[in-house]
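Notes follow once the structure below has been shown.
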Amino acid sequence: MIINQWLPAAHRGDAIGDSARRVRDVLRGMGHDSHIYALTIDDDMQAEVRPFDDPAARGGDVTVFHYALRSPMTAAFKALPTRRVLQYHNITPAHFFAPYHPEVFRIAALGRQDLASLVGHVDLALGVSEYNRQELERLGFGVTGVLPIALDLLRITRAPAHPVLERLLGDGLTNFLFVGRIVPNKRIEDIVRLAEMYKRYIDVNYRFIFVGRTDGMPRYYATVRALVAELEMLPERFVFAGPVPDWELAAYYRTASVYLCLSEHEGFCVPLLEAMAADVPVFAYESSAVGDTLGGAGVCWSPKDLEYAAELLGQLAFDPVMRANVIAGQRKRLEDFSEANLRQRLVETLAV
């Protein structure tokens, strides 16, 4: 069987593209002919991904369309005569961007309109989480299901040591880590406010580290930095590392006491599972797909009471029994994302 996957853009390190490549490899191992096609392809991905204008892109017995933004692929997908499978990675609601970036607001709004136009034109609509599946169902898609993002966690667990960075971060401060873009739905300002509560009530020997792009929404990033100053926090205790290569990212995970997520919108949230793979206890606000991804693991809390959260964060950082129990639960949850389970999910998907 020929099973194609379509991506609007192919970037190395992007969760959607990384997932598509892992799925392709598993499908090939199952005996299928499988390729990935994209509208834009980074130079270092040319050997991995084919251009969308290749006629073979439309020749699959099954085509899986990874949807996360509006693109010309939507109309082409609707027109396919063969089996069409939508995999929905979610679109951040536009209202998060309104105060900071009108163009991103417009793109997000149009993206949801474009998604709705696919109702009635797919054979199977999959969310990468139950949260996403429910959104598809509300939009009116018929047959729906869940196929999680396929993860390559070895890039974290088998990354080489980074002695210099690990020595710098092992200076006696407690490291709290967030990984992801610095954008409004991630609620980075709430992490800063949590830090102020933590300093006030728990411990002054802290460091909050943010790994991910800061240039996507400059106005929002400036707002976050201004809040650090407004709360009279030490700016050197808030490290914005930007995007980093895998071996450096792995070092940040290895030296973190707790992984933080205070986001108010996630379609899946890959860093939660990366932290689990690195045996870093996860401390996450329960919203959108966060609870689905954690699956009962980590420490998931609600409502967003930051004073209560600071006390709980201190326990998770310093109570060895609590940490051991949380890590044990996270290890068990990771078994659900094994290659064997991925293979079984793909068999079930192809049988629908």
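Every number in this text was worked out from the coordinates using simple rules, so none of it is lab data. Computed from a prediction, not measured in an experiment: that's the story for all the values here. Using ideal geometry, Cβ is built from the backbone for each residue, glycine included, and neighbour counts are taken over all protein chains shown.
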*Local electrostatic count, V122, Cβ distance below 10 Å [Lys/Arg +1, Asp/Glu -1]*: +2
*With a cut-off of 14 Å, note down the residues of region 71-91 whose backbone N falls inside the zone around a label point 7 Å from the Cα of R112 toward its beta carbon.*
90-91
*Calculated from backbone phi, Karplus (6.51, -1.76, 1.60) coupling profile of region 82-87 in Hz, x at Gly/Pro*: 9, 5, 10, 10, 8, 10
*Under the Karplus curve 6.51 cos²θ - 1.76 cosθ + 1.60, θ = phi - 60°, whole-Hz ³J(HN,Hα) for region 223-236, x wherever Gly or Pro sits*: 5, 5, 5, 5, 5, 4, 5, 4, 7, 6, 8, 5, x, 6
_Förster-model FRET efficiency, 41 Å R0, E189 and I2, C-beta, rounded to 0.05_ = 0.30
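R112: net charge of surrounding residues, Cβ under 13 Å, Lys/Arg +1, Asp/Glu -1, itself excluded? List each step's numbers first, then the result.
Numbers: positive: R70, R106, R138; negative: D114, E135.
So the surrounding residues net to +1.
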*Near the amide H of A38, under 5 Å away, which other amide H atoms are found, from residues 5 or more places off or on another chain, if H is placed in the peptide plane?*
L7, R50, F52
*Let me have the 222 nm mean residue ellipticity of the chain computed from DSSP H runs of 4+ only, each contributing -39500 (n - 2.57), with the sum over all residues rounded to the nearest 500.*
-12500 deg cm²/dmol
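Can you compute the FRET efficiency between R28 and D123 using 1/(1 + (r/R0)^6), with r the Cβ-Cβ distance and R0 = 30 Å? Round to the nearest 0.05.
0.85
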*Dipole magnitude (debye, nearest 20) for the chain, charges at Cβ of Lys, Arg, Asp, Glu*: 360 debye
*asked:* Out of all DSSP beta bridges in the chain, what portion is antiparallel? Express it as a percent rounded to 5.
replied: 0 percent
*Between E130 and A340, what length in nm is gained on full extension when 0.36 nm per residue of separation is reduced by their alpha carbon distance?*
73.6 nm
*Between rounded, prolate and oblate, where does region 154-336 land on the alpha carbon gyration tensor, with a ≥ b ≥ c its root eigenvalues, rounded for a/c under 1.5, else prolate if a/b exceeds b/c?*
rounded
*Please list, or write none, the aspartates and glutamates whose alpha carbon is within less than 19 Å of the alpha carbon of K332, excluding same-chain residues fewer than 8 places away.*
D152, E274, D279, D292
_Relative contact order for region 2-150: what percent, with Cα pairs under 8 Å and sequence separation of 6 or more?_
21 percent
*Using the beta-carbon distance between A98 and A75 and R0 = 22 Å, what value does 1/(1 + (r/R0)^6) give for FRET efficiency, to the nearest 0.05?*
0.20
*Between V239, V23, V299, find the one with the highest GNM mean-square fluctuation for the chain; connect C-alpha pairs within less than 10 Å.*
V239
_Distance from region 258-284 to region 291-311 (C-alpha centre basis), Å_ = 11 Å
*GNM, the chain, Cα, under 10 Å: largest mean-square fluctuation among Y308, Y253, Y198?*
Y308
*With springs only between Cα atoms under 10 Å, which of P245, P184, P281 fluctuates most in a Gaussian network model of the chain?*
P245
*Of (i) 62, 41, 37; (ii) 57, 41, 39; (iii) 66, 44, 35, which one was derived for Cα extents along the principal axes in Å from the structure shown?*
(i)
*What lysines could a cross-link reach from K199, if we take a straight Cα to Cα line under 28 Å and drop same-chain neighbours fewer than 8 places away?*
K186, K304
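Magnitude of the Cβ-charge dipole of region 88-189, K/R +1 and D/E -1, about the Cα centre, nearest 20 debye?
Rounded to the nearest 20 debye, it is 160 debye.
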_To the nearest 20 Debye, how big is the dipole of region 30-88 about its Cα centre, given +1 on the beta carbon of each Lys and Arg and -1 on that of each Asp and Glu?_
500 debye
*Residues with beta-carbon under 9 Å from that of R84, excluding R84: net charge, scoring Lys, Arg +1 and Asp, Glu -1?*
+1
_Given axes a ≥ b ≥ c from the Cα gyration tensor, I'd like to know whether region 1-110 is rounded (a/c under 1.5), prolate (a/b larger than b/c) or oblate._
prolate
*So what is the relative contact order for the chain, in percent, with contacts set as C-alpha pairs under 8 Å and at least six apart?*
14 percent
*Could you let me know the centre-to-centre spacing of region 157-192 and region 16-93, using Cα atoms, in angstrom?*
32 Å
*Hey, what do the phi angles of region 175-187 turn into as Karplus ³J(HN,Hα) couplings, whole Hz, using 6.51/-1.76/1.60 and θ = phi - 60°, x for Gly and Pro?*
9, 10, 10, 10, 10, x, 5, 8, 9, x, 5, 6, 6
_Take Y201 and R331, extend 7 Å from each Cα along the Cα→Cβ direction, and tell me the distance between the two endpoints in nm._
3.2 nm
